[in-house]
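The structure appears right after this line, and notes come after that.
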Amino acid sequence: MTRKALLISPEACIGCRGCQIACKEWNQLPATKTINKGTVENPPDLNANLYNKIRYVELPSEANMVRWLFVSQRCMHCEDAGCMKICPAPGALYKTKEGAVAFNKDKCIGCKLCAAGCPFNVPRFDEKDKISKCHLCSDRITEGLSPACAKTCPTGAIQYGDRDGIISDSKKPGYEKLYGQADLGGLGVLYAFKDAPKLYGLDEKPAIPESIVFWHNVLKPLAYIGLGGAVAASLLHYVAFGPKKDEEVKKDE
Amino acid sequence: MNKKHRINPTIKLFYGVEGPNDKPKKGGGLPEDVFVSGDAKFPYVATTYRVSEHWQTGVLTRHLPWMQELMPQQFVEISKELAAEKGVKNGDKINVSSARGKVWAIAMVTDRFKPFKIMNSTVHQVGLPWCFGWQYPEDGSGGDSSNLLTPTIGDANTMIPETKAFMVNVEKA
Ligand code: SF4
Ligand code: SF4
Ligand code: SF4
C-alpha cells in the first residue's frame, strides 16, 4: 500500500469550514457551546469533539491590506510520530497501512503522555480521558474513499491522494514552499505555502522533545525488561513532565 | 455635504412621506427614517451582510448546534481607528443604534474595515450580519437581527429595500 497524504493549500481556502463540520458529521462528534471572542475562528482550539479546525490569520501588508489566511489544522500523521514513541499502551495508537496514525480508545489508558510527545499539540482527551484526534478517516480510506474533510472541500484547499503524487502536484508556480516533506520522517499532512511557515502558525523545524526520543530509544526497552510496570510508568512520567508533582501537572493544563 | 438635503432626495419612501413636516400616510414606516441621514446622533455608515454558516436570518440554521458552534453570536466589524476612538477592544460587547432601534454585538476589530476620506472629513463604516435573532438560541445568547436598525426606504434606482447603507452610532455596552 502506498502512503497516503493530505495536501493543504491555505491560499485556496475560502474559510467556509465545511471541513470542520464534515469531520464532525462523519465521526458523529457533538457541538461545543461557543461564544464570539472577536474572531470568526471557533471553537477557539481543537478539542475531543473537534479533530480539525481552520485557523484565521490576519496579515495586512502594503500589497494586500486585507490579507486573511485560513489554515486547516489537524494531526499531521507523522512518519516519526512522537505520540506513538511515548505511548506506553500497546495498540492505543497505531499506524494503518496507508500511513495514518489512528487510535483505539479501548486500548488507551488515559495517561495523556502522547500530548507531551506531539510536536504539534494535537492529542485531546474525551470525558473518559481517552485519546481523541484526527485519524485521517482511517475507516474511510481503507474502503478507498477520501477523508470527509477533503471530500467536502469545495475549492481543493484540502486534497487527498498518494503521498508521492501529492508532492509532485504541490510544486505549482507560486507555491515554492512545501511544508512537511522531510520533517519528522515526512508528514502525512503537507502544506503548500507561499510564505514562511511561521506566518501560517507552524514551526519552521518541528521536533519531538529530546527527552521523549531518549525515552523511546533507551529507557522504554530497558524499563520493560528490567523494571515493574509501576516503576516504568513513574519513570516515564518523570521523562515527560520532569520532577513535578501530579497536582502541579494538573494545574498547568 | 449638501446641507439642504438631509437624505438622498431620490430614494423611495415606501409610506409616502414627501416633506419633513408630513406624517406617514400609510402604516409601516417611521418618520425618523426620513431624517436620520444627516443626524449627528448617528455619525457612522453601516452595512449588513450574511455569514456562510447561517441561511438568511438564520431561522433554519440557528437550530443546528454544529452551525451555532461556528457562528454563535451577533458581531459588528469595526476598523482599528474607530475602535481606538471609542475605546473599544476586540471581543467587547457594544451597542449599535439607529433612529429605528438598537442591537448589541461583539466587536470584531479588523483591518477589513478602513475609514474613508470623503470631502476632507473622515467617515467611518461598520458592518454587521443579520443572521441572528428570533427564537434560537433559546437563552438569547445569539443577540438580535441587525434588521432592527435598517430603514424602510427603497433604493433610488431599483426600489429594492435599501438595507445595505444606513446611519448608526456605536457605543460600549
Ligand atoms: S501530529 Fe502529533 S498526534 Fe499526530 S502523528 Fe504527529 S505526533 Fe502523533
Ligand atoms: S481526515 Fe477525517 S478525521 Fe481527520 S480531520 Fe479530516 S475528516 Fe476529520
Ligand atoms: S472546506 Fe476547504 S475551503 Fe472550506 S474551510 Fe475547509 S479547507 Fe477551506
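At a glance:
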quantity: Residue list for segment A:158-181, filter: within 16 Å of ligand 1 (Cβ to nearest atom) and more than 16 Å from the chain's Cα centre (by Cα); calculated: A:R163
quantity: Failed item in (1) within 16 Å of ligand 3 (Cβ to nearest atom); (2) crowded, with 16+ Cβ neighbours inside 10 Å, with A:P154 passing the rest; calculated: (2)
quantity: Those strands (runs of 3 or more DSSP E) lying entirely in segment A:60-116 with at least 2 residues within 16 Å of ligand 2 (Cβ to nearest atom) and over 15 Å from A:K133 (Cβ atoms); calculated: A:68-73
quantity: Any hit, segment A:39-46, residues being within 16 Å of ligand 3 (Cβ to nearest atom), within 13 Å of chain B (Cβ to nearest Cβ) and free of Cβ contacts under 8 Å to residues at least 12 places away in the same chain; calculated: yes
quantity: Some residue of segment A:30-47 being within 16 Å of ligand 2 (Cβ to nearest atom), assigned to a loop (DSSP other than H, G, I, E, B), open to solvent by 20 Å² or more (accessible area, probe 1.4 Å) and aliphatic (A, V, I, L, M); calculated: yes
quantity: Matching residues in segment A:195-220 - criterion: being charged (D, E, K, R), part of a loop (DSSP other than H, G, I, E, B) and within 21 Å of A:K53 (Cβ to Cβ); calculated: A:D195, A:D203
quantity: Tally, over segment B:52-72, of residues that are at the interface with chain A (Cβ under 8 Å from one of its Cβ atoms) and open to solvent by less than 20 Å² (accessible area, probe 1.4 Å); calculated: 5
quantity: Subset of segment A:143-160 [within 14 Å of A:A5 (Cα to Cα) and within 13 Å of ligand 2 (Cβ to nearest atom)]; calculated: A:L145, A:S146, A:P147, A:A148, A:C149, A:A150, A:K151, A:A157, A:I158, A:Q159, A:Y160
quantity: Only listed residue being open to solvent by less than 50 Å² (accessible area, probe 1.4 Å) and not assigned by TED's automatic domain parsing to the domain that holds A:D183, chosen from A:C75, A:C23, A:C19, A:C87; calculated: A:C87
quantity: Complete set of residues in segment B:49-105 that are part of a helix (DSSP H, G or I) and either farther than 19 Å from B:G127 by Cβ or of a type in the set (K, R) (or both); calculated: B:T61, B:R62, B:H63, B:P65, B:W66, B:M67, B:Q68, B:E69, B:K80, B:K86
quantity: Of all residues in segment A:184-199 being away from ligand 2 (no atom under 16 Å from the Cβ) and touching a residue at least 24 places away in the same chain (Cβ under 8 Å), the one that is most open to solvent (accessible area, probe 1.4 Å); calculated: A:K194
quantity: Total residues in segment B:106-136, condition within 14 Å of chain A (Cβ to nearest Cβ), open to solvent by less than 20 Å² (accessible area, probe 1.4 Å) and not in a strand (DSSP E or B); calculated: 3
quantity: The one condition in (1) closer than 22 Å to A:A157 by Cβ; (2) more than 13 Å from chain B (Cβ to nearest Cβ); (3) surrounded by fewer than 18 Cβ atoms within 10 Å (Cβ to Cβ) that A:R67 fails to fulfil; calculated: (2)
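The values are calculated or read from the model by the stated rules, or taken from the named source; none is laboratory data. Because the structure is predicted, anything quoted here is derived from the model rather than measured. With ideal geometry, Cβ positions are generated from the backbone for all residues, glycine too; neighbour counts draw on all protein chains shown. What goes into the accessible areas is simple: the full protein's heavy atoms, side chains included, and nothing from ligands, DNA or RNA. Shrake-Rupley method; radii C 1.70, N 1.55, O 1.52, S 1.80 Å.
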